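J.: Before I ask anything, let me first share the structure, which is written out below as structure tokens.
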Amino acid sequence: MENRRKYTTPRGVNGKDRRRKQHESRAVRNRRLRKKRLLRKRFFLLLALVVCLCVGFRLQHKYMSVWMVSRMAVVSVPEWIDVQYIPEGNPSRSEERLEAVRDIVVHYVGNPGTTAQANHDYYCHEDSVVCSHFVVGLEGEIILCLPLNERSAASNHRNKDTISIEVCHPDDTGKFSDATYDSLVRLVAWLTDICHLDTEHVIRHYDVTGKECPRYYVRNEDAWIQFKEDVDRTIR
Ligand SMILES: [Zn+2]
């Protein structure tokens, strides 16, 4: 009896120990499993949040663009801008709606000494396939050639989301006269205001395609920087 008791006690202890260890390892396994499930749940929640944010951002972006273009259709044009729309059906006027207004593109007409009216009339010609929203003339006159929610045909692949301005110049250097320059500053300041853009979004045709347009402000980077500073000053 003595001997049996001696041997049964350690065996019982081992058995309990084994069961305890098994219980512990099961508990550890369960904990790991729970942790894994929690991590997986968190990952999917985070993923869903990122997807929702991206979709929301895209929808907001699209909604804002549509809102902006609709607003451009009814904006009140100041009296210092002469509205002369190109006739509907003319090849230069596509009558396509802008997708958005992301930039304002400045050009030069490339035909020294021509007036704003002459350039506008050229757009209206039955053979013409080019046009811009605005032409700024040698005396500082400004003609609006298209409704502001329509696409121009001046800035290549950016016609869909830009407002274009052609500027007249007295000679081949492409430098604008003082009157032209002042009117352009005033016009661009007004446009940046109604389009809710800053001067980072005032670009040259050169910035779209690399074409030397507007020539003087491509050849003289300082003059372009100065122009944008002048617009900024007018906005303030
Ligand atoms: Zn150009």
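FYI, it's all coordinate maths here, none of it is from the lab. It should be emphasised that the depicted structure is a prediction, and the values quoted were computed from it without experimental measurement. Don't worry about glycine lacking a Cβ; one is built from the backbone with ideal geometry, like all the others, and counts go over all protein chains shown.
J.: Give me Rg over Rh for the chain, both radii from the alpha carbons and Rh done the Kirkwood way, two decimal places.
T.: With Rg and the Kirkwood Rh in hand, the quotient comes to 1.57.
J.: Please compute the net charge surrounding Ala179, taking Lys and Arg as +1 and Asp and Glu as -1 over other residues with Cβ under 9 Å from its Cβ.
T.: In short, -4.
J.: Next question, about the same structure. For the chain: lysine pairs with Cα atoms under 22 Å, gap of 8 or more or different chains, count?
T.: The result is 7.
J.: Loop by DSSP (not H, G, I, E, B), at most 15 other beta-carbon atoms within 10 Å: where is the longest site-free stretch of the chain for chymotrypsin sites (Phe, Trp or Tyr not before Pro)?
T.: With chymotrypsin sites (Phe, Trp or Tyr not before Pro) excluded where exposed in loops, the chain gives 86-236 as its longest stretch.
J.: Divide by every residue of the chain the summed helix terms, -39500 (n - 2.57) for each DSSP H run of at least 4, and state the resulting mean residue ellipticity at 222 nm, rounded to the nearest 500 deg cm²/dmol.
T.: That calculation yields -18000 deg cm²/dmol at 222 nm.
J.: Given contacts defined as C-alpha pairs under 8 Å and at least six residues apart, what's the relative contact order of the chain, whole-number percent?
T.: The normalised contact order for the chain reaches 18 percent.
J.: For the stretch 102-125 and the stretch 166-220, what is the separation of their Cα centres, given in Å?
T.: Between the Cα centres of the stretch 102-125 and the stretch 166-220 lies a distance of 12 Å.
J.: Can you give the % of DSSP beta bridges in the chain that are antiparallel, to the nearest 5?
T.: Here the share of antiparallel DSSP bridges comes out near 25 percent.
J.: With only Lys, Arg, Asp and Glu charged, each at its Cβ (+1 for the first two, -1 for the last two), find how big the charge dipole of the stretch 135-213 is about the Cα centre; round to the nearest 20 debye.
T.: It works out to roughly 320 debye.
J.: For a quick check of your reading of the filter: which GluC sites (Glu not before Pro) in the stretch 122-184 sit in a DSSP loop and have no more than 12 other Cβ atoms within 10 Å?
T.: Qualifying residues, ordered by number: Glu126, Glu139.
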